[in-house]
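Enquirer: Quick one: this structure, given as structure tokens, is what I'll be asking you about.
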Amino acid sequence: MKSSRQLFIRRVFSDWGYQYRALRTAVDWIIALYFVIPLLLVVGYQYYSLWQLQPAWFSWIPLPVVAAIFYLFAWLGTIRYFVEEGDQLFLRQNESWFKHLMVLGWRYSLILQGATTLLLMIVFLPLLVRTFNFTAAQVTCLFIFTYLLKINLGLARQLLALHLYGIVLWLVRVALFAGVFFLYQAPVTHLSNTFVYSWIGIALLLVLLVFLSKLRLRQKGAFFADIARERDSRMRIVSIMLIQVSERKRRPARKRPIMFGKSQRLFRGTGASSGLSDFLTKSFFRNGTQWKLTIQFVLVMGLGLFFLPEPLKIIVWIAAACLLAYWRKLFCKEELSAPFLKLFDIQDNAKHQALQAALPVLVLPALLLISLCVGISFFTWWGPLLMLGAAIPLAYGASSVFTSWY
């Protein structure tokens with residue numbers, strides 16, 4: 001490694017690569033295709049509509065509530081320095097490299113916290129401008145004030161953790177949280193009336209930032225605390241994914257599955273295609289992962305359809321049917337490639353016929369729920385009846401399109 005800057009860049013790319021790989025384990029292409037992308041489209045349209053027409057519920061949100069949300073955001077987060085355990089053996093011997101690495105990490109944190117603060121401001125911008133009539137100068141003032149407070153709180157909490165322990169640290173942090181909250185809420189809720197005082201507060205926060213930054217970067221004995229903090233920051237996505245993981249008593253295996261416990265025949269016929277259709281249908285409805293993903297998909301699509309205009313509801317409804325048909329087809333083809341099926345001489349023609357027979361049955365339950373949401377969103381008595389009736393031919397039509405080839 002030729003310089004501390006190159007070392008820092010390598011560690012930043014390593015951290016982002018690790019976060020990306022962690023996300024890939026939870027958000028594969030199927031979830032991204034069926035959940036993330038539709039959710040982003042719905043959220044984007046809803047955000048655009050907030051600028052066009054102010055909803056009535058905007059008037060129910062008081063400015064102190066918005067200030068409290070901004071303050072909670074400012075309290076969260078930390079300043080990273082990208083130090084690692086191995087630095088104790090090698091990098092600590094080169095004092096100039098080690099200090100420069102910490103300074104680069106501090107600058108990186110300033111940029112990252114600024115980007116997240118800007119994203120929060122963009123989310124709340126329609127409410128601030130349309131309801132509270134904030135001017136561009138007031139929005140800029142609120143952004144800078146929140147951003148500087150976030151950085152100062154991150155540095156202050158690090159310094160407190162280096163000098164205080166146990167219950168004393170907890171009490172001081174509670175007092176700091178409560179005291180700074182009132183100091184923050186007062187200028188924010190009266191931003192339009194005491195505009196000049198907010199800029200005075202920004203100047204004081206800027207001076208405090210310089211003081212706390214120099215004090216923190218010169219702090220002795222913080223190496224192992226920085227390592228622990230860096231480890232926690234690196235594992236932030238993984239920890240969220242594993243938050244519900246705990247040791248549980250293993251349930252005894254069921255003697256009979258919940259769905260189709262008597263193994264009854266579902267499709268008429270005696271050929272291989274009929275047996276495969278039974279196999280595909282039972283495999284899907286007995287798969288807990290597919291149930292979970294389907295419920296999530298129905299909730300996202302059903303709730304999102306309530307906020308769309310009527311012509312767009314129909315387009316999204318048809319698109320949902322196509323997505324379901326394609327999704328079920330992928331599941332069926334994966335099941336048909338199971339190793340034990342290779343023990344039997346099953347022709348591709350029989351697999352294709354089984355797919356054509358099973359796919360509408362797999363699509364219909366989720367599509368009926370989505371169609372019911374669409375019908376209710378019309379706010380008419382005939383809407384649910386019409387959409388439920390139209391869901392059946394749409395399910396068979398979409399399935400027919402996607403099973404026209406194997």
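Enquirer: Condition test on Tyr81, is it crowded, with 16+ Cβ neighbours inside 10 Å and not in a helix (DSSP H, G or I)?
Expert: yes
Enquirer: Can I ask one more? Determine the pairs where a residue that is assigned to a helix (DSSP H, G or I) and exposed (fewer than 11 other Cβ atoms within 10 Å of the Cβ), located within the range 14-30, has a partner that is at pLDDT below 75 and not acidic (Asp, Glu) with Cβ atoms under 6 Å apart, the partner being 6 or more residues away or on another chain.
Expert: From residues that are assigned to a helix (DSSP H, G or I) and exposed (fewer than 11 other Cβ atoms within 10 Å of the Cβ), there are no pairs.
Enquirer: I've got another one for you. Identify the residue in the range 377-389 that is in a helix (DSSP H, G or I), within 33 Å of the chain's Cα centre (by Cα) and without any contact (Cβ under 8 Å) to a residue 24 or more places away in the chain and, among all such residues, is nearest to Trp317 (Cα to Cα).
Expert: Looking at the filtered set, the residue picked out is Leu388.
Enquirer: OK, next. Hey, does the range 353-374 have a residue that's farther than 16 Å from Leu324 by Cα and over 29 Å from the mean Cα position of the chain (by Cα)?
Expert: The answer is yes; a qualifying residue exists.
Enquirer: Could you pull out the residue among Val36, Val103 that is more than 18 Å from Arg231 (Cβ to Cβ), open to solvent by less than 50 Å² (accessible area, probe 1.4 Å) and among the β-branched types (Val, Ile, Thr)?
Expert: Val103
Enquirer: How about the range 288-315: which of its residues are open to solvent by less than 80 Å² (accessible area, probe 1.4 Å), assigned to a helix (DSSP H, G or I) and not hydrophobic (A, V, I, L, M, F, W, C)?
Expert: Scanning the range 288-315 gives Gly288, Gln290, Thr294, Gln296, Gly302, Gly304, Lys313.
Enquirer: On the given criteria, is Ile318 within 30 Å of Thr380 (Cβ to Cβ) and either touching a residue at least 12 places away in the same chain (Cβ under 8 Å) or open to solvent by less than 20 Å² (accessible area, probe 1.4 Å) (or both)?
Expert: So Ile318 passes the test.
Enquirer: Right, next: Of the residues Leu362, Leu369, which is at pLDDT 90 or above and open to solvent by 80 Å² or more (accessible area, probe 1.4 Å)?
Expert: None of the other options fit; the residue is Leu369.
Enquirer: Look at His163 and say whether it is open to solvent by 50 Å² or more (accessible area, probe 1.4 Å) and either farther than 22 Å from Gly77 by Cα or touching an Asp or Glu at 6+ places or on another chain (Cβ under 9 Å) (or both).
Expert: Here the answer is no, as His163 does not meet what is asked.
Enquirer: Could you please find all residues in the range 287-311 being of a type in the set (A, V, I, L, M) and without any contact (Cβ under 8 Å) to a residue 40 or more places away in the chain?
Expert: If the condition is that a residue be of a type in the set (A, V, I, L, M) and without any contact (Cβ under 8 Å) to a residue 40 or more places away in the chain, then Ile295, Leu299 are the ones that fit.
The values are calculated or read from the model by the stated rules, or taken from the named source; none is laboratory data. Computed from a predicted structure; not experimentally measured. In this analysis, Cβ positions are derived from the backbone assuming ideal geometry, glycine residues included, and neighbour counts consider all displayed protein chains. When the accessible area is computed, the model is the full protein with side chains, heavy atoms only, and any ligands, DNA or RNA have been set aside. Shrake-Rupley method; radii C 1.70, N 1.55, O 1.52, S 1.80 Å.
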